[in-house]
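The values are calculated or read from the model by the stated rules, or taken from the named source; none is laboratory data. Bear in mind that the values here come from a model prediction, so they are computed numbers and not experimental data. Positions of Cβ are generated from backbone atoms using ideal geometry, with glycine treated the same way; all protein chains shown enter the neighbour counts. All accessible areas refer to the heavy atoms of the entire protein, side chains included, with ligands and DNA or RNA removed. Shrake-Rupley method; radii C 1.70, N 1.55, O 1.52, S 1.80 Å.
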Amino acid sequence: MAHNGNLTNDSELRHFLDYEAHRHINTDSDSELLLNIFANNLQKTGKFRINEQDIFSAVEGLYSECRGAYAVTAMLAGFGLIGFRDPHGIRPLVFGRRKSLSGKGFDYMFASESVVLDALDFTDIEDVQPGEVIIVSKSAVTRRRLVVEETIAPCIFEYVYFARPDSTIDGIPVYNARLDMGVKLARK
């Protein structure tokens with residue numbers, strides 16, 4: 001599992017994982033907390049082999065437990081890739097595909113910026129929506145928006161500082177956003 005972001009309730013998650021879920025946390029990393037919350041939710045199924053619905057349920061539980069900003073990608077052994085974004089869309093996450101270099105099927109990729117997928121000749125690049133989960137298995141790509149918040153609050157620093165100017169976030173070219181912000185600032 002990899003993630004971009006910060007959890008705001010890390011202390012309470014750490015306490016829950018230690019005293020209730022009985023999971024040992026080794027670091028101060030939010031990624032480790034997210035991983036263990038997700039794994040704990042999967043473990044609740046009691047299954048050795050999970051299915052897509054189990055993954056959706058585990059992420060839905062994570063959404064109710066984890067507060068803050070996060071865009072997450074993970075690979076589940078024997079199952080496939082997953083990607084999901086926090087319900088408020090604070091951190092960006094994009095998803096794309098390209099024809100497989102073997103000529104059979106497609107390759108899929110998640111990234112925090114569209115420019116990464118562009119550079120690797122991925123097409124059909126789309127933003128993962130806030131509160132959405134995408135599962136890529138050998139047989140299908142399944143998308144489900146589990147949480148729809150009234151307030152979408154992307155991080156302004158993604159547009160101002162973090163993202164490359166040739167990237168696009170939530171359908172907005174970063175370069176254009178910077179120009180628009182500069183014009184509005186100049187008018188003040």
**Report entry** Coil-residue trypsin sites (Lys or Arg not before Pro) of the stretch 106-184, DSSP, other Cβ within 10 Å capped at 12
**Finding:** Lys138
Report task. Filter the trypsin sites (Lys or Arg not before Pro) in the stretch 1-101 to those in DSSP coil with at most 11 other Cβ atoms within 10 Å of their Cβ, and list the result. Result -> Lys47, Arg49
**Report entry** Proximal lysines relative to Lys47, as straight alpha-carbon distance under 26 Å, when same-chain residues fewer than 8 apart are discounted
**Finding:** Lys138
Query raised in the report: Helix 52-65 versus the longest principal axis of the chain: what is the Cα-based angle in degrees, 0 to 90, to the nearest 10?
Result: 80
Query raised in the report: Under a plain spin-label model, where a point goes 7 Å from the Cα along Cα-to-Cβ, how far apart in nm are Asp121 and Arg145?
Result: 3.3
Query raised in the report: Taking a probe of 1.4 Å, how large is the accessible area per residue of the chain, in Å²?
Result: 57
Query raised in the report: Of (1) 53, 34, 33; (2) 57, 47, 30; (3) 51, 49, 29, which one was derived for Cα extents along the principal axes in Å from the structure shown?
Result: (2)
Query raised in the report: Using unit Cβ charges (K, R positive; D, E negative) and no other charged atoms, how large, in debye to the nearest 20, is the dipole of the chain about its Cα centre?
Result: 440
Report summary line: The answer for the net charge of residues other than Lys104 whose Cβ lies under 13 angstrom from its Cβ, with Lys and Arg +1 and Asp and Glu -1, is +2
Report summary line: So, with points 7 Å from each Cα along the Cβ direction, the His24-Met1 label distance in nm works out to 1.8
Report summary line: For the stretch 126-188, whose charge dipole is built from +1 on Lys and Arg Cβ atoms and -1 on Asp and Glu Cβ atoms, the candidate among Cys155, Gln129, Met181 with its Cα farthest towards the positive end is Met181
Report task. Enter the angle in degrees (range 0 to 90, nearest 10) between the Cα long axis of helix 174-187 and the first principal axis of the Cα atoms of the chain, meaning the one along which they spread out most. Result -> 60
Query raised in the report: For the chain, what does -39500 (n - 2.57) per DSSP helix run (n ≥ 4), summed and divided by total residues, give at 222 nm, in deg cm²/dmol to the nearest 500?
Result: -9500 deg cm²/dmol
Report task. At a Cα cut-off below 17 Å, give the aspartates and glutamates reachable from Lys99, other chains included and same-chain residues fewer than 8 away excluded. Result -> Asp107, Asp118, Asp121, Asp124, Glu126
Query - Low-density loop positions, GluC sites (Glu not before Pro), the stretch 87-188 - DSSP coil, at most 13 other Cβ in 10 Å - result: Glu149, Glu150
Query raised in the report: Leaving out ligands, DNA and RNA, what percent of the accessible area of the chain is carbon and sulfur, probe 1.4 Å?
Result: 53
Query - Spatially proximal aspartates and glutamates relative to Lys44 (Cα-Cα < 14 Å; intrachain offsets below 8 disregarded) - result: Glu20, Asp54, Glu60
**Report entry** ³J(HN,Hα), Karplus 6.51/-1.76/1.60, whole Hz, each residue of the stretch 90-106, x for Gly, Pro
**Finding:** 5, 9, x, 7, 10, 9, x, 9, 8, 4, 4, 5, 6, x, 10, x, 10
Query raised in the report: Taking K and R as +1 and D and E as -1, what net charge do the other residues with C-beta under 10 Å from the C-beta of Asp166 add up to?
Result: -1
Report summary line: Residue separation between Leu101 and Asn9 times 0.36 nm, minus their alpha-carbon distance, gives in nm 28.9 nm
**Report entry** Residue list for the stretch 96-117, given a label point 7 angstrom along the Cα-to-Cβ vector of Ile50 and an amide N cut-off under 19 Å
**Finding:** 110
